[in-house]
Amino acid sequence: MDSQATDSVDNAETRPRPHRMLALIISGGLVVCIGLLATAIINRRVDALPTSSRVDEFRIGLNAPFITTADAIVDKMVEVGEITADDVVFDLGCGDGRLVITAALKHGCHGVGIDIDPVRVAEARANVKLHGVEDLVEIREQDVFTVDLSEADVILMYLLPWMTKRLIPQFQEMAPQSRIVSHDFGIGDILYIKPDSTHQVSLEGTNETHLVHRWDTPLHVPPPRTE
Ligand SMILES: C[S@@+](CC[C@H](N)C(=O)[O-])C[C@H]1O[C@@H](n2cnc3c(N)ncnc32)[C@H](O)[C@@H]1O
C-alpha cells in the first residue's frame, strides 16, 4: 500500500503534464528561432565585410589603388616634364617607382618616390637597386599629403582628382616655372585648373588612348565660390 502510494507520487512528479509539454515545445522552438536569427545576422555581417585586400587598403590608408602607368605613357610623362639633370623630381604615389626611376635613367636627375603602401615601397626600392640608381633616387614610405614639395622642380603623378585637388596647397610651395605632370587626371576636375598642355598617348596593340597633362607653376587656382 505504502509502496503503491510512493509509486503514484513519483509518477506524478516525473510524468510530463500536458501544459508542461506545451511550454517545453514553445521554449525549444524559441531557442531554435533565436539561433537561426543570430546565424543569419552574423552571416550578413560577414558578407558585408570588405575582402582582405580592401582591409589592407583601409589599414594602410590608400587613397588610390595600385594601377601602373604603361611604359609608353611613362616615357611621354618624362618627356613632357622637360626634365634636366639639375631637376629634383617627386613621384607622388610612386607604386613600383617606374616614373621616377625612368626620369633618373633618362636624364640623370635626382628623384624622390613617395608611397604609403609598404609593399610598393619595398618593390620600388628593389627596382631602384635593380636599375642602379641608388645614388639618384630615394623612396620614402609616406602619405603624399604630408610631403613638403618646396624642393620639387617636377612632379610626376597618377592619382585621383580629389587627391590632386587636395595637394594644391603643397603644389603652391613649389618654385615658379616648376612642372606638374599627371597621367590622365586633372588637378581636381580637369576644367578646375586648365592644364598648360595636354598630350595623347595611344597604346600599341590596344584601343586605349591616355592623356598626359602638364601645368607650370604657379598654378592659377580659381578663387573659392561665394554663394
Ligand atoms: C595609380 S597608382 C600609380 C603608381 C605609379 N605612380 C604608376 O604610375 O605606375 C597610385 C599609387 O598611389 C599610392 N597611394 C595611394 N594613396 C596614397 C597616399 N595617401 N600617399 C602616398 N601614396 C599613396 C598607392 O599605393 C599606389 O601605389
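The values are calculated or read from the model by the stated rules, or taken from the named source; none is laboratory data. Bear in mind the structure is a predicted one, so any value in this text is a computation, not a measurement. Positions of Cβ are generated from backbone atoms using ideal geometry, with glycine treated the same way; all protein chains shown enter the neighbour counts. To get the accessible areas, we keep the full protein, side chains included, count just its heavy atoms, and leave off ligands, DNA and RNA. Shrake-Rupley method; radii C 1.70, N 1.55, O 1.52, S 1.80 Å.
Here residue 135 clears all of (1) assigned to a loop (DSSP other than H, G, I, E, B); (2) more than 19 Å from residue 121 (Cβ to Cβ) except the condition numbered (2). Residues in the range 123-138 that are within 12 Å of the ligand (Cβ to nearest atom) and either farther than 20 Å from residue 183 by Cα or open to solvent by 30 Å² or more (accessible area, probe 1.4 Å) (or both): 123, 127. Of all residues in the range 159-199, exactly one satisfies the criterion of being free of Cβ contacts under 8 Å to residues at least 24 places away in the same chain and open to solvent by less than 50 Å² (accessible area, probe 1.4 Å), namely 195. Taking the listed residues 96, 143, 148, 86, the one that is within 19 Å of residue 71 (Cα to Cα) and open to solvent by 10 Å² or more (accessible area, probe 1.4 Å) is 96, with no other qualifying. Suppose the filter is in contact with a Ser or Thr (Cβ under 9 Å, 6 or more places away or on another chain), surrounded by fewer than 20 Cβ atoms within 10 Å (Cβ to Cβ) and β-branched (Val, Ile, Thr); does residue 155 pass it? For residue 155, the condition - in contact with a Ser or Thr (Cβ under 9 Å, 6 or more places away or on another chain), surrounded by fewer than 20 Cβ atoms within 10 Å (Cβ to Cβ) and β-branched (Val, Ile, Thr) - is not met.
Would you please name the residue that is surrounded by the fewest Cβ atoms within 10 Å (Cβ to Cβ), looking only at residues in the range 99-122 that are outside any loop (DSSP other than H, G, I, E, B) and over 22 Å from the mean Cα position of the chain (by Cα)? Looking at residues that are outside any loop (DSSP other than H, G, I, E, B) and over 22 Å from the mean Cα position of the chain (by Cα), I get 106. Checking each residue in the range 92-105 for being closer than 15 Å to residue 179 by Cβ and more than 10 Å from the ligand (Cβ to nearest atom) picks out only 103.
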